[in-house]
Amino acid sequence: MTQHLAAPAAPTTETRTDWWRDAVIYQVYPRSFADGNGDGMGDLEGIRSRLPYLRDLGVDAVWLSPFYASPQADAGYDVADYRAIDPMFGSLLDADAVIRDAHELGLRIIVDLVPNHSSDRHDWFRRALSEGPGSPLRERYHFRPGKGADGELPPNDWESIFGGPAWTRVPDGEWYLHLFAPEQPDFNWEHPAVQDEFRSILRFWLDMGVDGFRVDVAHGLVKQAGLPDIGRHDQLKLLGNDTMPFFDQDGVHEIYRSWRQVLEEYAGNELGPGGPSSEGRRRETGGRILVAEAWTPTVERAAQYVRPDEMHQAFNFQYLGTSWDAAELREVIDVSLAAMGPVGAPATWVLSNHDVTRHATRLANPPGLGTQLRTPGDRELGLRRARAATLLMLALPGSAYLYQGEELGLPDVTDLPDEVRQDPSFLRAAGQDGFRDGCRVPIPWTTEGSSYGFGTGGSWLPQPEGWGELSVQAQTGDPGSTLELYRSALAVRRAEAGLGAGGTVEWLDAPDGVLAFAREGFVCTVNTTAETVRIPAPGRVLLGSEEAEVSDGTVHLPADTTVWWAV
Ligand code: NOJ
């Protein structure tokens, strides 16, 4: 039985304003990408020097995790000044140079925006603290008196995502809300000054020339009126599955409608001739976009963020969390396309980011262990599955996100000693053992040398032995390498008309554990089982995550392998 699922079609003119509908967007984690000044910490100069690598890889856009002035209590997701660059990353001039160079190379730049909370060193919060109870600045955050005879108990029972209570008491006796670390006080989004300030911050960066914003904790800005108790003390387990009074409240959508209007005031940026498909991109203009980091209970709830007058894309975390299982993958693909179709938004696909264990390690472990693992698992199996999973992802209609280093097949570094770990979800409270540092280890560029080409001054998290064997230098030109697989896949994706944003996914008959679907002139076959399966060859092989033998019209599809076909 076949089934058709439609995705909205993208126009194919040379002046597309909806480049984002099928864009491949590469996440750069500035601390760990490239260190230009040799202080052991990645920076904008380093990023700028590596932009040609990203152009050659074949991505469309680069998303930069935060580089703003920040005390780094949560690796920059605690912003002290939204209009300044932290000196450890460079200056506004460096940011300007990155944006200009990227555009000249045909790459777009998306920056991270952190509107749910500021740093406790933000000027507003510092003044709110020093002015004391009753200060109008306290109304820009959530300050409350405590419960109990002397106000010694938090105002409600909410728990921080990083562990412990979501409230901290200040010396004058009031408490303030922080859904994340105490150094990250939540803004009160009911306050007009907060709303005005963020529209102004959007304009600041749009004037700087960015092509869009990845909106951090987009589901968290509005809290349920009265800040009601939840009544349970295992709230972390409910996240992403249940409706919480601090997440995914309907009021957030009003905010994104007003932001969309700000973006619509701006024309798209022109890209230079240096991009991978310079033909037709020369005079291209395109829209500026908003991308929601919204952990919602369902894909349908995520679709609410990308209605036509709100954001453009929302991360598909349901996809990221799906096991290497054909039936489960088919289900999440169907549900995702079905949810996005009615709102006219592209589906998005993502396998790794800076908050989860890299997919080469997740897929090396048994399913069901979650997304933050401490065990390396079977590395060879993990890499093989990761390559197959990536080819599946890149064959789906919509936009895909890559996380730096996945193109090298990097595993998580699962044995970082506790003394070097910096993730606040590890450091904060007993019972919390977030392990996000494992995917944040600086990436290897060269086979040898100080920090394997990351920089000349070591690396802020230690790189494991053998890291150089996985480097860009080691993999370049090796046809069997994961880097060359990504390069080929992105080139084929660009060249094949049927792999654009629109069109359909037509499921084809396939044995248990195998996925097969057709798009226009194209078929993707995925064997998620541990055995070779024999199926009719649907056409001519375009690319495979492993070699697949084809004879007499039959393909021997090896275990854990994806093959792309031209038909
Ligand atoms: C999501 C970000 O991806 C994560 O790294 C951060 O800790 C939280 N939001 C809080 O800003």
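The values are calculated or read from the model by the stated rules, or taken from the named source; none is laboratory data. Being a predicted model, the structure only gives us computed values, none of them experimental. Reconstructed Cβ throughout: ideal geometry from the backbone, glycine too, with neighbour counts over all protein chains shown. The area values use the complete protein model at the heavy-atom level, side chains included, leaving out ligands, DNA and RNA. Shrake-Rupley method; radii C 1.70, N 1.55, O 1.52, S 1.80 Å.
Here is a check on your reading of the model: is residue 371 in a loop (DSSP other than H, G, I, E, B), of a type in the set (Val, Ile, Thr), surrounded by fewer than 21 Cβ atoms within 10 Å (Cβ to Cβ) and in the same structural domain as residue 242 (by TED's automatic domain parsing)? Judged against the criteria, residue 371 is a match. Would you check if residue 352 is touching a Lys or Arg at 6+ places or on another chain (Cβ under 6 Å) and either in contact (Cβ under 8 Å) with a residue 60 or more places away in the chain or farther than 30 Å from residue 413 by Cβ (or both)? Answer is yes for this residue. Being farther than 23 Å from residue 60 by Cα, without any contact (Cβ under 8 Å) to a residue 60 or more places away in the chain and small (Gly, Ala, Ser): is that true of residue 495 here? No; evaluated as a whole, the condition is false for this residue. Taking the conditions (1) under 16 Å from the mean Cα position of the chain (by Cα); (2) open to solvent by 10 Å² or more (accessible area, probe 1.4 Å) in turn, residue 417 satisfies each one other than (1). The residue that is farthest from the ligand (Cβ to nearest atom), among those in segment 174-189 that are part of a loop (DSSP other than H, G, I, E, B) and within 21 Å of residue 151 (Cα to Cα), is 174.
One residue stands out in segment 100-111 among those that are open to solvent by less than 10 Å² (accessible area, probe 1.4 Å) and under 23 Å from residue 37 (Cα atoms): the one that is nearest to the ligand (Cβ to nearest atom), namely 111. Considering only segment 180-188, I want to know if a residue exists there that is surrounded by fewer than 21 Cβ atoms within 10 Å (Cβ to Cβ), under 30 Å from residue 261 (Cβ atoms) and modelled with pLDDT of 95 or more. Checking segment 180-188: at least one residue is surrounded by fewer than 21 Cβ atoms within 10 Å (Cβ to Cβ), under 30 Å from residue 261 (Cβ atoms) and modelled with pLDDT of 95 or more. Residue 80 fulfils the conditions (1) under 21 Å from the mean Cα position of the chain (by Cα); (2) of a type outside the set (D, E, K, R); (3) at negative phi; (4) within 16 Å of the ligand (Cβ to nearest atom) except for a single criterion, (1). None of 192, 155 is surrounded by fewer than 21 Cβ atoms within 10 Å (Cβ to Cβ) and away from the ligand (no atom under 16 Å from the Cβ) except 192.
If you go through segment 74-90 and pick out every residue that is in contact (Cβ under 8 Å) with a residue 40 or more places away in the chain, under 20 Å from residue 32 (Cβ atoms) and out of contact with any helix residue (DSSP H, G or I) (no Cβ under 6 Å at 6 or more places or on another chain), you end up with 6.
Pairs linking a residue in segment 435-459 that is within 16 Å of the ligand (Cβ to nearest atom) to a residue that is open to solvent by less than 30 Å² (accessible area, probe 1.4 Å) and among the small types (Gly, Ala, Ser), with Cβ atoms under 6 Å and 6 or more positions apart or on different chains, are 440/32. Summed over segment 305-326, residues that are part of a helix (DSSP H, G or I) and touching a strand residue (DSSP E or B) at 6+ places or on another chain (Cβ under 9 Å) total 6.
I'd like to check something: does segment 382-399 contain any residue that is away from the ligand (no atom under 16 Å from the Cβ), without any contact (Cβ under 8 Å) to a residue 60 or more places away in the chain, surrounded by 21 or more Cβ atoms within 10 Å (Cβ to Cβ) and assigned to a loop (DSSP other than H, G, I, E, B)? For segment 382-399, residues away from the ligand (no atom under 16 Å from the Cβ), without any contact (Cβ under 8 Å) to a residue 60 or more places away in the chain, surrounded by 21 or more Cβ atoms within 10 Å (Cβ to Cβ) and assigned to a loop (DSSP other than H, G, I, E, B): absent.
If you go through segment 138-152 and keep only what is open to solvent by 40 Å² or more (accessible area, probe 1.4 Å) and over 33 Å from the mean Cα position of the chain (by Cα), you end up with 144, 145, 147, 148, 149, 150, 152. Checking each residue of segment 239-249 against the condition of being away from the ligand (no atom under 16 Å from the Cβ), of a type in the set (Phe, Trp, Tyr) and either crowded, with 21+ Cβ neighbours inside 10 Å or over 30 Å from residue 107 (Cβ atoms) (or both) gives no match. Could you list all residues from segment 28-52 that are surrounded by fewer than 24 Cβ atoms within 10 Å (Cβ to Cβ) and either assigned to a helix (DSSP H, G or I) or in contact with a strand residue (DSSP E or B) (Cβ under 6 Å, 6 or more places away or on another chain) (or both)? Answer for segment 28-52, where residues must be surrounded by fewer than 24 Cβ atoms within 10 Å (Cβ to Cβ) and either assigned to a helix (DSSP H, G or I) or in contact with a strand residue (DSSP E or B) (Cβ under 6 Å, 6 or more places away or on another chain) (or both): 45, 48, 49, 51, 52. Across segment 254-267, what is the number of residues that are in contact with a helix residue (DSSP H, G or I) (Cβ under 8 Å, 6 or more places away or on another chain) and either surrounded by 18 or more Cβ atoms within 10 Å (Cβ to Cβ) or polar (S, T, N, Q) (or both)? So the count comes out to 5. Restrict the check to segment 227-235 and report whether at least one residue is surrounded by fewer than 22 Cβ atoms within 10 Å (Cβ to Cβ), within 16 Å of the ligand (Cβ to nearest atom) and at pLDDT 95 or above. Looking for residues that are surrounded by fewer than 22 Cβ atoms within 10 Å (Cβ to Cβ), within 16 Å of the ligand (Cβ to nearest atom) and at pLDDT 95 or above, one finds none in segment 227-235, hence no. Checking each residue of segment 516-539 against the condition of being among the acidic types (Asp, Glu) and touching a Lys or Arg at 6+ places or on another chain (Cβ under 9 Å) gives no match. Filtering segment 33-65 to residues that are more than 16 Å from the ligand (Cβ to nearest atom) and of a type in the set (Ser, Thr, Tyr) leaves 49, 53. For the criterion of being within 16 Å of the ligand (Cβ to nearest atom), of a type outside the set (Lys, Arg) and not in a loop (DSSP other than H, G, I, E, B), residue 204 fails.
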